[in-house]
1. Please enumerate the residues belonging to region 212-240 that are at pLDDT below 95 and buried (at least 19 other Cβ atoms within 10 Å of the Cβ).
2. Restricting attention to region 34-53, and to residues there that are touching a Ser or Thr at 6+ places or on another chain (Cβ under 9 Å), more than 12 Å from THR240 (Cβ to Cβ) and of a type outside the set (Val, Ile, Thr), which single residue is surrounded by the most Cβ atoms within 10 Å (Cβ to Cβ)?
3. Test ASN191 against the stated conditions and say whether it is out of contact with any Asp or Glu (no Cβ under 8 Å at 6 or more places or on another chain) and either within 19 Å of GLU46 (Cβ to Cβ) or in a helix (DSSP H, G or I) (or both).
4. For ARG59, work out the one condition from (1) of a type outside the set (A, V, I, L, M, F, W, C); (2) modelled with pLDDT of 65 or more; (3) closer than 17 Å to ASN101 by Cα; (4) not in a strand (DSSP E or B) it doesn't fulfil.
5. Counting residues that are farther than 27 Å from GLU198 by Cα, which helices (runs of 4 or more DSSP H) fully inside region 64-164 reach at least 1?
6. Considering (1) touching a helix residue (DSSP H, G or I) at 6+ places or on another chain (Cβ under 8 Å); (2) within 30 Å of LEU248 (Cβ to Cβ); (3) not aliphatic (A, V, I, L, M), say which one SER85 fails and leave the rest.
7. Return only the number of the condition from (1) within 23 Å of LEU244 (Cα to Cα); (2) of a type outside the set (Ser, Thr, Tyr); (3) modelled with pLDDT of 95 or more that ASP182 does not satisfy.
8. Tell me which of these ALA34 doesn't satisfy, since it passes every other one: (1) modelled with pLDDT of 95 or more; (2) aliphatic (A, V, I, L, M); (3) out of contact with any strand residue (DSSP E or B) (no Cβ under 7 Å at 6 or more places or on another chain); (4) part of a helix (DSSP H, G or I).
Amino acid sequence: MLSKRIIACLDVREGNLAKSVKFVDTKDIGDPVAKAKEYYLDGLDELVMYDITASSDKRNIMLDVVEKVAEQIFIPFSVGGGIRSVEDANKLLWSGAEKINLNSAAVQRPELISECTFAIGSQNIVLSMDIKKVEVNRDFPSGYEVVINGGRTPVGIDALFWALKGEELGAGELVINSIDADGTREGYEINLTRMIAEAVSIPVIASGGAGKPEHLLEVLTEGKADAALIASMVHFGDYTVSGLKAWLDERGVRVRKTW
């Protein structure tokens with residue numbers, strides 16, 4: 001059995017570390033480079049960084065921030081925001097990223113997933129999905145809809161359909177980010193995560209809602225996630241990466257020991 005991964009998420013806006021609740025009320029909270037180094041030294045398994053306004057502003061990701069973060073860490077580093085082409089993906093790899101997160105542009109042009117997969121390999125392609133709960137109906141049989149542009153634009157696509165399509169097109173991993181849970185610190189969207197994890201054969205990363213260690217335990221066991229994304233609970237100093245991993249290990253969750 002593979003170890004479960006703990007992944008810290010850095011949302012970056014205009015070069016600053018930012019945090020929002022349900023994708024609104026975004027505030028700058030610090031330096032992403034310093035936080036990346038802090039979490040790496042504390043035993044983080046992987047880091048993901050999103051330029052959260054690149055897509056909505058219709059601009060390219062800030063490569064200088066990617067380069068500065070990459071210089072500080074020696075763990076898998078995944079980057080997303082404003083990636084519209086294989087050229088964009090390659091620029092991120094040259095800047096120090098190991099994995100590329102596709103989101104809005106892939107929804108608008110799904111063949112982007114297969115193009116990037118062909119160019120740099122499926123193991124380096126992550127499909128990030130921002131998802132909002134809706135009423136179950138013919139259009140949304142799963143009860144969840146995909147939203148793009150930083151949570152601003154619903155696109156009328158069922159979340160489970162898009163997860164399966166993303167896997168078919170070559171994505172190597174999925175990030176399942178619940179907009180309803182994002183930043184609330186009240187727990188992951190377990191039903192959503194489990195539904196998609198049971199439907200696909202690629203790793204699923206749960207995102208949105210982590211507030212205490214019990215939430216990680218729940219999503220990594222009941223939610224069947226392969227990895228848990230964390231943000232607020234470490235950004236604000238309530239918990240440490242090493243402390244969370246030790247707590248999970250004590251409860252029988254297999255993690256990579258770094259403490």
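The values are calculated or read from the model by the stated rules, or taken from the named source; none is laboratory data. All values derive from a computational prediction rather than experimental measurement. Cβ coordinates were reconstructed from backbone atoms using ideal geometry, including for glycine residues, and neighbour counts include every protein chain displayed.
1. Answer for region 212-240, where residues must be at pLDDT below 95 and buried (at least 19 other Cβ atoms within 10 Å of the Cβ): ALA231, SER232, MET233, VAL234, HIS235.
2. By that ranking, first place goes to MET49.
3. Numbers: out of contact with any Asp or Glu (no Cβ under 8 Å at 6 or more places or on another chain): yes; either within 19 Å of GLU46 (Cβ to Cβ) or in a helix (DSSP H, G or I) (or both): yes.
Answer is yes for this residue.
4. Looking at each condition in turn, ARG59 falls short on (2).
5. On the way: elements: 86-94, 104-108, 111-120.
Those helices (runs of 4 or more DSSP H) span 86-94, 111-120.
6. Of the numbered conditions (1) touching a helix residue (DSSP H, G or I) at 6+ places or on another chain (Cβ under 8 Å); (2) within 30 Å of LEU248 (Cβ to Cβ); (3) not aliphatic (A, V, I, L, M), the odd one out for SER85 is (2).
7. (3)
8. Result: ALA34 passes all but (1).
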